[in-house]
Amino acid sequence: MDEREKQIRLTAGEIGQLWLQYLNDSSSTCILTFFLEKAEDIEIKPIIEFALELSKSHIQKITAILTEEKNVVPHGFSIEEDVDLTAPRLYSDSFVLNFLNQMSKVGLTTYAASVGTSVRSDIRAYYMDCLTETMQLYDKSTELLLSKGLFIRSPSLPNLEDVEFVKKQWFMLDVFGEKRPLIAAEVENIFANLQRNALGVAALTGFSQVAKDKDVKQFFLKGLEVGNKHIKIFRSKLEESKLPAPMGWDSEITNSTTPSFSDKLMMFFTSGLISLSVGYYGTAVSQSPRGDISTMYNRLSLEVQMYSEDGANIMIKNGWLEQPPMASDRDELIRKKNQL
């Protein structure tokens with residue numbers, strides 16, 4: 001970055017993304033450190049190490065950027081405050097590998113969006129590096145899942161033999177209860193959202209076993225109820241078109257009830273999963289011409305948002321919710337000035 005660009009202040013999009021990524025990577029550092037400590041599979045362990053080093057590197061780079069810009073660095077999470085490395089393992093190595101694969105997919109989406117919202121050349125370069133690194137993590141984790149026979153592929157569809165055009169409104173609407181088969185985009189979104197919910201339910205099952213606070217435990221149990229309901233609905237949609245659905249991950253959770261992570265860390269991670277669900281459901285709506293499918297996603301998204309509000313209230317009550325960068329409250333500044 002040249003001297004002229006050093007004078008250019010970060011935009012709202014740039015500072016917002018950096019702030020959120022710092023929190024995400026500091027939480028990931030805690031979780032991955034615990035996973036690495038408990039890992040036994042000699043093939044999966046290097047993947048965890050690679051992901052952990054990426055998160056640590058991101059934290060260092062973001063800290064340098066924010067410090068240079070005279071912005072406060074978020075408090076975030078730490079090994080000392082938020083992880084008990086002496087606790088027994090909570091998830092199997094197979095679950096951890098699938099978890100890393102799913103998180104790398106999330107990273108590909110979020111880093112691509114960050115590139116698109118960044119203007120300054122150094123910030124663009126940083127996020128393009130993040131995108132390249134995350135592509136490597138996705139490739140490594142996918143290859144290992146495939147070699148171990150653990151990769152869950154979405155259903156295949158018959159080959160197209162002729163070009164066809166839609167001739168009836170039946171393609172869009174549910175006429176007299178008659179529904180057309182799912183199109184490829186609908187199949188992929190339903191399958192992927194079912195798979196994400198299955199992993200989320202497994203994560204929350206483990207969290208509910210080790211949570212200390214009563215309200216936090218109840219929040220996770222409510223999440224299990226919501227997640228299992230959504231899994232059942234997605235599975236039924238696939239079954240309507242005679243398509244297979246992936247199985248759950250219940251067997252990959254241990255019986256440990258010793259707190260592995262702080263309630264604060266688990267609440268933050270769960271809030272992140274909730275936000276991702278809303279985004280993925282919104283994408284699915286935009287790609288689902290069939291009326292009942294888009295209506296289904298809108299309804300499920302509303303349920304997730306209501307669940308999210310419960311989580312935010314718990315975090316605010318316990319002083320766990322860090323306030324993100326925001327515009328100045330000019331009215332409040334004026335009131336303070338008048339009181340002098």
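The values are calculated or read from the model by the stated rules, or taken from the named source; none is laboratory data. Everything numeric in this text was worked out from a predicted model, so none of it was measured. Heads up, the Cβs are rebuilt from the backbone with ideal geometry, glycines too, and the neighbour counts pull from every protein chain shown. Surface accessibility is based on the protein's heavy atoms, side chains included, excluding ligands, DNA and RNA. Shrake-Rupley method; radii C 1.70, N 1.55, O 1.52, S 1.80 Å.
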Compute the Cα gyration tensor for the range 89-244, then decide on rounded, prolate or oblate, letting a ≥ b ≥ c be the square roots of its eigenvalues: rounded whenever a/c is under 1.5, prolate when a/b is larger than b/c in the other cases, and oblate in all that remain.
oblate
Could you work out how far apart the two model spin labels at ALA125 and VAL72 are, taking each label as a point 7 Å from the Cα in the direction of the beta carbon, and quote it in nm?
3.0
Quotient of Cα Rg and 2.2 N^0.38 Å for the range 246-318, N being how many residues it contains:
1.40
Per DSSP H run of n ≥ 4, the term is -39500 (n - 2.57); total these for the chain, divide by its residue number, and report the mean residue ellipticity at 222 nm rounded to 500 deg cm²/dmol.
-23000 deg cm²/dmol
Between THR254 and LYS212, the two model label points (7 Å from Cα along the beta-carbon direction) sit apart by a distance in nm of 2.0
Apply the Karplus curve 6.51 cos²θ - 1.76 cosθ + 1.60, θ = phi - 60°, to the phi angles in the range 144-159 and return the couplings in whole Hz, x for Gly and Pro.
6, 4, 5, 5, 8, x, 9, 6, 9, 7, 6, x, 8, 10, x, 5
Could you tell me whether the range 1-104 comes out rounded, prolate or oblate from its Cα gyration tensor? Rule is a ≥ b ≥ c as square roots of the eigenvalues, rounded for a/c under 1.5, then prolate if a/b exceeds b/c, otherwise oblate.
prolate
Which order do the peptides 64-75, 281-292, 17-28 take when ranked by the mean count of other beta-carbon atoms within 10 Å per residue, highest first?
17-28, 281-292, 64-75
For every other residue with a beta carbon closer than 13 angstrom to the beta carbon of HIS75, add +1 if it is Lys or Arg and -1 if Asp or Glu, then tell me the sum.
-3
How do the peptides 139-150, 264-275 rank, highest first, by the average count of neighbouring beta carbon atoms within 10 Å per residue?
264-275, 139-150
Between GLU143 and ASP84, what FRET efficiency comes out of the Förster formula 1/(1 + (r/R0)^6) with R0 = 35 Å and r the beta carbon distance, rounded to 0.05?
0.60
Residues whose modelled amide H sits under 5 Å from the amide H of TYR91, counting only those 5 or more places away in sequence or on another chain, are THR254
Percent of accessible area on the chain owned by carbon and sulfur, 1.4 Å probe?
55
Before anything else, pin down the relative contact order of the chain: Cα pairs under 8 Å, at least 6 apart, normalised by residue count, whole percent.
20
What share of Cα pairs, in percent, lie more than 24 angstrom apart in the range 21-176?
48
List the aspartates and glutamates whose alpha-carbon lies under 20 Å from that of LYS61, not counting same-chain residues fewer than 8 positions away?
ASP2, GLU3, GLU5, GLU14, ASP25, GLU49, GLU53, GLU69, ASP122, ASP129, GLU133
Quick query: amide H of VAL83 versus all other amide H atoms, modeled in the peptide plane; which residues come in under 5 Å with a sequence gap of 5 or more or a different chain?
SER262
Using θ = phi - 60° and the Karplus curve 6.51 cos²θ - 1.76 cosθ + 1.60, what whole-Hz ³J(HN,Hα) does each residue of the range 86-92 get, with Gly and Pro shown as x?
8, 5, x, 4, 10, 10, 6
For the chain, just run the numbers: alpha carbon Rg, then divide by 2.2 N^0.38 Å, N being how many residues it has.
1.10
